[in-house]
Amino acid sequence: MKSTPVDATLRAIESGLVVSCQAAAGNPLRGPHHMAAMAQAAAAAGATGIRAEGADDVAAVKAATGLPVIGIRKTGDPGVFITPTYADAESIVAAGASIVATDGTARPRPDGGDLATLIEQVHDRLGVPVMADVDSVEAGRYAYECGADLLASTLSGYTGPGAVPDAPDIALVAALVAATPLPVVAEGRIRTPEAARAAFAAGAFAVVVGTAITNPMEITRRFVTALDLPEGAT
């Protein structure tokens with residue numbers, strides 16, 4: 001049987017480490033040049049794919065590495081803000097994204113659309129797989145029914161009223177693996193190789209690591225906080 005583009009793209013990241021190269025506003029590393037360099041370093045060290053935000057960063061990362069890029073576009077809106085619309089998906093695929101990641105929950109989308117329609121449009125018009133970022137097993141089942149090609153635990157801990165947990169949600173990874181036949185990507189608060197191994201042991205198809213590799217501001221902040229150092233100490 002001839003492989004489809006979806007099959008080939010997913011095989012490229014299977015059992016591998018995807019590095020998320022993103023920098024929020026206020027981070028000195030924000031911008032395509034820095035993110036491309038970060039992605040090159042990750043690729044040289046063995047990353048099998050990159051997750052990048054926005055058309056400019058996606059294009060720069062793709063040109064710099066040639067690796068599959070999981071593209072997203074964050075709108076900054078409350079609620080659903082990870083690639084919420086087809087226009088967002090179209091912009092990042094045109095820039096070189098191999099996979100579109102989108103909020104995979106059933107929460108209202110800012111344009112009034114729905115996940116199933118977005119996935120259908122991406123498949124039919126753009127021809128790339130869709131990764132549904134979910135926060136629960138229920139959301140995973142919903143995204144599966146909507147036609148997602150793979151699931152990710154990205155939103156676990158970020159959609160509820162309580163504080164965001166410190167540990168990765170390995171239990172959700174295992175539960176998603178059991179709930180649908182889709183590949184499950186572990187993402188969110190994976191800060192150590194031990195946590196990544198635990199995710200693979202739970203059945204993860206691939207693991208995404210971001211902050212622990214590509215955000216020196218947050219890494220430094222964790223050290224300063226843990227050591228109870230005064231601000232600006234050297």
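The values are calculated or read from the model by the stated rules, or taken from the named source; none is laboratory data. Keep in mind the model is a prediction, meaning the values are calculated, not measured. Don't worry about glycine lacking a Cβ; one is built from the backbone with ideal geometry, like all the others, and counts go over all protein chains shown. For accessibility, only protein heavy atoms count, side chains too; no ligands or nucleic acids. Shrake-Rupley method; radii C 1.70, N 1.55, O 1.52, S 1.80 Å.
Restricting attention to segment 122-154, report how many residues are in contact with a strand residue (DSSP E or B) (Cβ under 8 Å, 6 or more places away or on another chain), assigned to a loop (DSSP other than H, G, I, E, B) and more than 21 Å from GLU53 (Cβ to Cβ). Even if it seems obvious, please write down each step before you answer.
Just the residues of segment 122-154 that are in contact with a strand residue (DSSP E or B) (Cβ under 8 Å, 6 or more places away or on another chain), to begin with: 122-123, 126, 128-134, 139-140, 143-144, 146-154.
Right, trim to assigned to a loop (DSSP other than H, G, I, E, B) and you get 128-129, 134, 146-149, 153-154.
Now drop any that are not more than 21 Å from GLU53 (Cβ to Cβ), which leaves 146-147.
Qualifying residue count, segment 122-154: 2.
Run down ILE190, ILE170, ILE119 and say which single residue is of a type in the set (A, V, I, L, M), open to solvent by 20 Å² or more (accessible area, probe 1.4 Å) and closer than 22 Å to ILE50 by Cα. Give the derivation first.
Working: ILE190 fails: open to solvent by 20 Å² or more (accessible area, probe 1.4 Å); ILE119 fails: open to solvent by 20 Å² or more (accessible area, probe 1.4 Å).
Criteria check complete, one pass: ILE170.
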Near pairs, Cβ below 7 angstrom, 6+ apart or cross-chain, from segment 201-224 (under 16 Å from LEU29 (Cβ atoms)) to any residue that is among the basic types (Lys, Arg) and part of a loop (DSSP other than H, G, I, E, B): ALA212/ARG191
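Residue by residue, here is whether (1) modelled with pLDDT under 95; (2) touching a Ser or Thr at 6+ places or on another chain (Cβ under 8 Å) holds:
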position	(1), (2)
MET1	yes, no
ALA12	no, yes
PRO28	no, no
GLY46	no, no
ILE72	no, yes
ASP77	yes, no
Filter result (open to solvent by 40 Å² or more (accessible area, probe 1.4 Å), in a helix (DSSP H, G or I) and of a type in the set (Ser, Thr, Tyr)) within segment 196-234: THR211, THR220, THR225
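Just to be sure, is ALA101 out of contact with any helix residue (DSSP H, G or I) (no Cβ under 7 Å at 6 or more places or on another chain), open to solvent by 50 Å² or more (accessible area, probe 1.4 Å) and under 24 Å from ALA25 (Cα atoms)?
Details: out of contact with any helix residue (DSSP H, G or I) (no Cβ under 7 Å at 6 or more places or on another chain): yes; open to solvent by 50 Å² or more (accessible area, probe 1.4 Å): no; under 24 Å from ALA25 (Cα atoms): yes.
Against the criterion (out of contact with any helix residue (DSSP H, G or I) (no Cβ under 7 Å at 6 or more places or on another chain), open to solvent by 50 Å² or more (accessible area, probe 1.4 Å) and under 24 Å from ALA25 (Cα atoms)), ALA101 does not qualify.
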